[in-house]
4 protein chains.
Amino acid sequence: MPDRIDLNSDMGESFGVYQLGRDKEVMDYISSANIACGWHAGDPVVMEETVRLAKEKGVAVGAHPGYPDLMGFGRRRMELTHAEIEAYLLYQMGALFAFAKAHGLPLQHVKAHGALGNLGFVDLEVSKIIARAAASFSKEIIFVALAGTVMVQAAKEIGVRFVQEAYADRVYNPDGTLQSRKIPGSVIHDPEKAARQALTMVKEGYVVAHDGTKVMVKPETLCVVILQKIRDELKKASITVKPMGQ
Amino acid sequence: MPDRIDLNSDMGESFGVYQLGRDKEVMDYISSANIACGWHAGDPVVMEETVRLAKEKGVAVGAHPGYPDLMGFGRRRMELTHAEIEAYLLYQMGALFAFAKAHGLPLQHVKAHGALGNLGFVDLEVSKIIARAAASFSKEIIFVALAGTVMVQAAKEIGVRFVQEAYADRVYNPDGTLQSRKIPGSVIHDPEKAARQALTMVKEGYVVAHDGTKVMVKPETLCVVILQKIRDELKKASITVKPMGQ
Amino acid sequence: MPDRIDLNSDMGESFGVYQLGRDKEVMDYISSANIACGWHAGDPVVMEETVRLAKEKGVAVGAHPGYPDLMGFGRRRMELTHAEIEAYLLYQMGALFAFAKAHGLPLQHVKAHGALGNLGFVDLEVSKIIARAAASFSKEIIFVALAGTVMVQAAKEIGVRFVQEAYADRVYNPDGTLQSRKIPGSVIHDPEKAARQALTMVKEGYVVAHDGTKVMVKPETLCVVILQKIRDELKKASITVKPMGQ
Amino acid sequence: MPDRIDLNSDMGESFGVYQLGRDKEVMDYISSANIACGWHAGDPVVMEETVRLAKEKGVAVGAHPGYPDLMGFGRRRMELTHAEIEAYLLYQMGALFAFAKAHGLPLQHVKAHGALGNLGFVDLEVSKIIARAAASFSKEIIFVALAGTVMVQAAKEIGVRFVQEAYADRVYNPDGTLQSRKIPGSVIHDPEKAARQALTMVKEGYVVAHDGTKVMVKPETLCVVILQKIRDELKKASITVKPMGQ
């Protein structure tokens, strides 16, 4: 039974005058921040502030690159070539790296955002592109791979450092993928239920899919939105929350 | 008398289907490439190709960050705060760094583009912001400071590594600044004349301003557009062309 | 003494997932909506929804064009040529017109946003460009001119239909311009005070500047942010609220 | 046998400093210009210049709206909702309309660009969205429907004014769709061959597909890239070139 887990959450999604998310609050509960890189969300000023905040709170920072589609928040699939995807990822990783560097922090991880991430879950070649972009940027950077998907295979084939991820507040399909956001009820809003799912995954190594199937997942990091309850339950279960890279 | 000089030129200014410049040709004559970072020009695919080309040709790469204004090619002044300028510069340096890193090259230098560069020539505080952004990104990176402007003072005050730059093909004002592009004749199109100006600066340490004034400049790097003639003349004068960082 | 006034407010400033403003509430109190056109704020889906909402509420619609600077919300001055400003305004007016047309509404007015509007207040040539863009688009469209500024002169010189505007919730300078937002206290947040300023302007034809000077203003439209109190006071004073174009 | 045809071509695809196409030359040969609207190509200054040029040359103007993807020139499919597509089309039609209006020209037609147009060729629902956007903007505007595709059905179902279009310089599939640009040889570069295909379509009412199949097409407008030869051949055959809307 693991005695530690990483909690990651999407941060730095504000843009100019537009505020999104409650980064200051959330930063108190997580150990790794996935920071938007200015393409689907975020801007350089927001990125700087988010990295600064993460540093103050002892939270590790990672890049959260997405499609060049601010209007669609990176949630709309775009038909890109592999070369385009790789270049877009490198660009965004580098951009965030600059703020981490300026604040004396390493760029701990990279996690693809939205429709690009969703594509990676089911497309081995795209997953390999993401893994390869990470590896070509740095041997230290961790590729966040959704447990039970081709991302894990891609990470192994490319030979990049990686961790397996699971979602505390999303309903699972029996094949281990996430149920689409478009299906009502696919996001768990009940803190009790999300905390229970989190704990079962961390302690027992499985998640119950929407049809009752037990899906084996052994996450090293949990993507979380509802935080306080999960953090409390992890504490009760004596599970330490630490950045994935430590 | 110096026996070496660096030749720098703006590269990677194409965007999507839009082609600009003759990078493949020019890369044969220069020793340092100022590569656009996707804001006033360039896109990630172009950046990758430009870094790859520079590596093949043995040309050192630097970031050429500009205003967030593709429609105006970064040539239109924007009223930004110092915090915004610093964040925008870090973002763009990091983005280019990623491609350099992936190709095993260091990010040699940073040179501000267009209206942002022009502002730096005359505004000490803005120059210090540029120098500080460079220094906070890396102690190795070289800040390109236009000789005879507050950029040199800014570099010294901030304590960043820097080189002094002069322009081979631009007409000078008696105070050592460049005559505005808006004034007809401010860009020298005659290769003979540009080569003569280049050689006088490198060998004699001065440039003749539009009113006949001799302005002292001791450039370590020359910004060049007309290349072959200058390269030939430097060769005849036994001056080696080498990247500024070597 | 006038028995009618128009109340205008900025609407449709959301963008993609980013929500800004409380359009649904505000629409109940105003008679004219200044709708963002996708450059400094707004996107086509938001524009369509805002025009639809305005139609439902019987509110007249106008274009609120700004600089091409979503990251700065159009509040950062850009050095554009007059030809660029005119083309950018036409583009945005046309874009909003399409949604008005599709909903069977006329494009009632145009009001420049943010730093572009501020420039128009003090630069006659820019004001004339705005007025000319309006006139060249349509003889029916109303140019909203800040009372007491060169905008009024520009409107007369160009021969465009126009109304004079005043601000209910902004502190005035003795010369009739608005005190800069950068000066603390320049925005009136007290509903009582804003309503009093509104009523004095509409009924008495003047506003008291920050130094006590009485500045003559006879607005046909009031720009408002704090709404309910102003609307109540206008009702008590038997002043009808009607779109500027009726 | 028809004695007239319209020749349309894509115009106004430059952006800022980036030049694309030879609009001034091409404008001498065509009767209708499909003008980019600033999303996949073009900017307001370019749009103004292109409309002005079209007016000088007696060429009718239409909107050529595309995906919000300048970096990909609108050639990369994006997963948009129907509401998004409709709003994006209205926005772009309106933007171009403003320049036509300012120059006293009607907005003659609308033709979807690139990947959005390609989607319309094969997706009836998307075609209906395009047709509906056109119809809701104006009863006069002509929807350009590729002959032999669901676009024609969409136009009829929506009840929009439309013309059937064919391509002079593209290879056809036996089902009447265009062979993908990704297949080598799908664009005809030989002026003789393109002119022959043009003439056969206009005079005989068919095109020979890549497998020899005769596909019936009776175009009212021809999309052309290679112009002089086609124009010459049409003249020899006594076919008048006139805008589709006349």
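The values are calculated or read from the model by the stated rules, or taken from the named source; none is laboratory data. Not measured: the values here are computed from a predicted model. Here the Cβ positions follow ideal geometry from the backbone for every residue, glycine too, while neighbour counts run over all protein chains shown. Keep in mind that these areas ignore ligands, DNA and RNA; they rest on the heavy atoms of the full protein, side chains included. Shrake-Rupley method; radii C 1.70, N 1.55, O 1.52, S 1.80 Å.
Here is how the numbers come out for the structure above:
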read-out	value
Dimensionless Rg/Rh of the range B:12-53 - Kirkwood Rh, Rg from C-alpha atoms	0.93
Calculated label separations, A:ASP211, copies of the chain, 7 Å along the beta-carbon direction, nm	3.9, 7.9, 8.5
Under 19 Å, Cα to Cα: Lys pairs in the range C:108-246, sequence gap 8 or more or different chains	24
Point-to-point label distance, D:GLU204-C:ASP3, nm (Cα→Cβ direction, 7 Å offset)	7.8 nm
Surface accessible to a 1.4 Å probe, per residue, for the residues of chain A, Å²	39 Å²
Under the span-like rule (Cα at least 18 Å along the axis, Kyte-Doolittle mean at least -0.5), DSSP H helices of chain A	A:44-57, A:82-102, A:124-137
Loop trypsin sites (Lys or Arg not before Pro), the range D:192-246 (other Cβ atoms within 10 Å of the site Cβ: 10 or fewer; DSSP)	none
Relative contact order for the range C:36-177, counting Cα pairs under 8 Å that sit 6 or more residues apart, in percent	21 percent
Cα-based shape type of chain B, given that a ≥ b ≥ c are square roots of the gyration tensor eigenvalues and the cut on a/c is 1.5	rounded
Residue-averaged [θ]222 nm for chain D, counting only DSSP H segments that reach four residues, each worth -39500 (n - 2.57)	-11000 deg cm²/dmol
Ordering of A:46-58, D:68-80, C:3-15, C:84-96 by packing [mean C-beta count within 10 Å, highest first]	C:84-96, C:3-15, D:68-80, A:46-58
The range C:1-107, relative contact order in percent, only Cα pairs under 8 angstrom and at least six apart counted	25 percent
Residue mean of other protein chain beta carbons inside 10 Å, A:214-220	0
For the protein assembly as shown, convex hull volume per residue from C-alpha positions, Å³	196 Å³
Length-normalised contact order for chain D - Cα pairs under 8 Å, 6+ apart - percent	21 percent
Cβ neighbours within 10 Å from other chains - mean over A:67-80	6
7 Å along Cα→Cβ, label-point gaps from A:LYS24 to other copies, nm, shortest first	2.7, 5.5, 5.8
Closest approach to the A/D rotation axis among chain A Cβ atoms, residue and whole-Å value	A:MET78, 3
Cα centroid separation - the range B:1-69 against the range C:1-73, whole Å	43 Å
Shielding by partners, peptide B:35-44 (average Cβ within 10 angstrom, other chains)	4
With every protein chain in place, the protein assembly as shown: carbon and sulfur % of accessible area (1.4 Å)	50 percent
Buried on assembly, the range C:83-104 (at least 20 Å² less accessible surface than by itself, 1.4 Å probe)	C:GLU84, C:ALA87, C:TYR88, C:LEU90, C:TYR91, C:GLY94, C:ALA95, C:PHE97, C:ALA98, C:PHE99, C:LYS101, C:ALA102
Positive-end residue, the range D:198-246 charge dipole about Cα centroid, Cβ charges, pick of D:GLY212, D:GLN246, D:LEU222	D:GLN246
Distances in nm from B:SER180 to the matching label points in the other copies, shortest first (labels 7 Å along Cα to Cβ)	2.2, 5.2, 5.7
Distance between modelled label sites at C:GLU192 and A:GLU56, nm, 7 Å Cα→Cβ extension	3.6 nm
